[in-house]
1. Restricting attention to the stretch 28-42, report how many residues are among the polar types (S, T, N, Q) and under 14 Å from F330 (Cα atoms).
2. If we only count helices (runs of 4 or more DSSP H) wholly inside the stretch 281-353, which ones have 3 or more residues that are at pLDDT 90 or above?
3. Of all residues in the stretch 87-116, which are more than 16 Å from W243 (Cβ to Cβ), β-branched (V, I, T) and surrounded by fewer than 24 Cβ atoms within 10 Å (Cβ to Cβ)?
4. Please state which of the following conditions A127 fails to meet, knowing it meets all the rest: (1) surrounded by fewer than 19 Cβ atoms within 10 Å (Cβ to Cβ); (2) farther than 23 Å from V38 by Cα.
5. Quick check on my filter: what residues within the stretch 150-180 are more than 13 Å from P347 (Cα to Cα), of a type in the set (V, I, T) and either surrounded by 13 or more Cβ atoms within 10 Å (Cβ to Cβ) or modelled with pLDDT of 85 or more (or both)?
6. Being crowded, with 21+ Cβ neighbours inside 10 Å, modelled with pLDDT under 85 and not basic (K, R) is the requirement here; does L360 meet it?
7. Taking the stretch 266-276 as the search range and keeping residues that are in contact (Cβ under 8 Å) with a residue 24 or more places away in the chain and in a loop (DSSP other than H, G, I, E, B), which one is surrounded by the most Cβ atoms within 10 Å (Cβ to Cβ)?
8. Let me confirm something: among T65, T16, which residue is touching a residue at least 40 places away in the same chain (Cβ under 8 Å) and outside any helix (DSSP H, G or I)?
Amino acid sequence: MLTALKKYFRFDHHQTNFRREIIGGITTFFTMSYIIIVNPKILEAAGIPFGPSMVATILAAFFGTVAMGIYARRPFAIAPYMGENAFIAFTVCGVLGYSWQTALGAIFIGGVLFTLVSALKIRSWLAAAIPNSLKIAFAVGIGLFLTFIGLNETGIVTLGVPGAPVHVGELGSTPVILAVVCFLLISVLMIRKVTGSLLIGILVTTVLAFVLKAAETPDEFISLPPSLEPILFKLDIAGAFTWGFFSVILTVFVMDFVDTTGTLLGLSFKAGLLDENGNLPEIEKPMMCDSTATVVGALLGTTTTGTFIESAAGMEAGGRTGFTSIVTAFLFLLGLFLAPFLTAVPPCAYGPALIVVGLLMMTTITRLDFTDLTEAIPAFCVIVLMSFTYNLGIGITAGFVVFPIMKIFAGKVREVNAGMWILAVLSLLFFIFYPY
């Protein structure tokens, strides 16, 4: 049995073993388990009840991640996207006034469209058209974005201070001190080449947070999941087929495409999974997993799903194959019953792990050619806008638009292939119709 699993997941090819894959899967799960609570909390603003939404979040993550492991055999975890959930809750339902049922109808339509273009290999063709400079920028941008998330989650950096967009947090508070200690602990363990450094740091800091009352110890560790019935199959597909909803569907479509493509290429670039041409072999398989997970998620009652950048933490911990995703997926399934404990893991424990992974992701910037400004300027736009707009999609689409512009005015228009022109036009439409 174990030999068959090793062969199926190509352990020898990826120079890995069960221990590394399991640690990788657990690490990925702990760094992204916050989504179990955060996603339904955000969607609660759209009117979706919290309990059923939490169940939908877990089931969508399980379906997508287990599919990624078995079908695509990649160490990527899938869950409802941050950013897309806020767009639905605060813009589509809050500002534009649409019901959450109609919004989920738009998510479903976008997922079906993605499944079709993935099956036709259009998405993989477009992904192959992206130049290496932008693929490098995706990895760097993800690193900076993860770092920013980690700093904000831990309270080391705070937002919204009058006179400055960001400000140093309360460095003397217990959670921030624990976050700094966790960062140093993980760093030292990594320097000493201790296997599972990220996971050890997360678990040790969680225990310290409970002991020092920096995080609330859960009253119970096991509970039965709420019923999914109030939101299951409640999407309004017909209501989304209106001209007024075109901008919403276009936004959902483009955000899902660029988020998934950028994340897949960025993570794969850092992990050395790209081939000699800079492409991810059989990229249509992970793309098919995220698109079908979006369809399933909409039916369950949650928003767009896709590959999570926190997968980088599990890959840094050693995960290289789909077995890592299998481990993460079943931990999500356990989350249906262990939600009280899993959601008690505080930001001061998982935030520093994101900061460390951000550092490691950013190291790929050394491979960017800054002497060619037609490559460096679009890459720079991707990196800074991914982080400073707090939206991966904005940064990636900006790079797609700026790249051909730079080539045109440099007299290098022949370096822009057909796929990049399509991505540029699609990205331009995104900025035109985005319901700001």
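1. In the first step, residues of the stretch 28-42 are kept if they are among the polar types (S, T, N, Q); the result is 28, 31, 33, 39.
Checking the rest, the ones that are also under 14 Å from F330 (Cα atoms) come to 28, 33.
Residues in the stretch 28-42 being among the polar types (S, T, N, Q) and under 14 Å from F330 (Cα atoms): 2 in total.
2. On the way: elements: 284-300, 311-316, 322-342.
Passing ranges, in order: 284-300, 322-342.
3. Scanning the stretch 87-116 gives T91, V95, V112, T115.
4. Result: A127 fails condition (1) only.
5. Passing the criteria: T158, V166, V168.
6. Details: crowded, with 21+ Cβ neighbours inside 10 Å: no; modelled with pLDDT under 85: yes; not basic (K, R): yes.
No; evaluated as a whole, the condition is false for this residue.
7. Among them, the one singled out is L273.
8. On the way: T65 fails: outside any helix (DSSP H, G or I).
T16 is the lone residue from the list that is touching a residue at least 40 places away in the same chain (Cβ under 8 Å) and outside any helix (DSSP H, G or I).
The values are calculated or read from the model by the stated rules, or taken from the named source; none is laboratory data. Since the model is a prediction, treat every value here as computed from it, not as a measurement. Cβ sites come from the backbone with ideal geometry, for glycine too, and all protein chains shown count toward neighbours.
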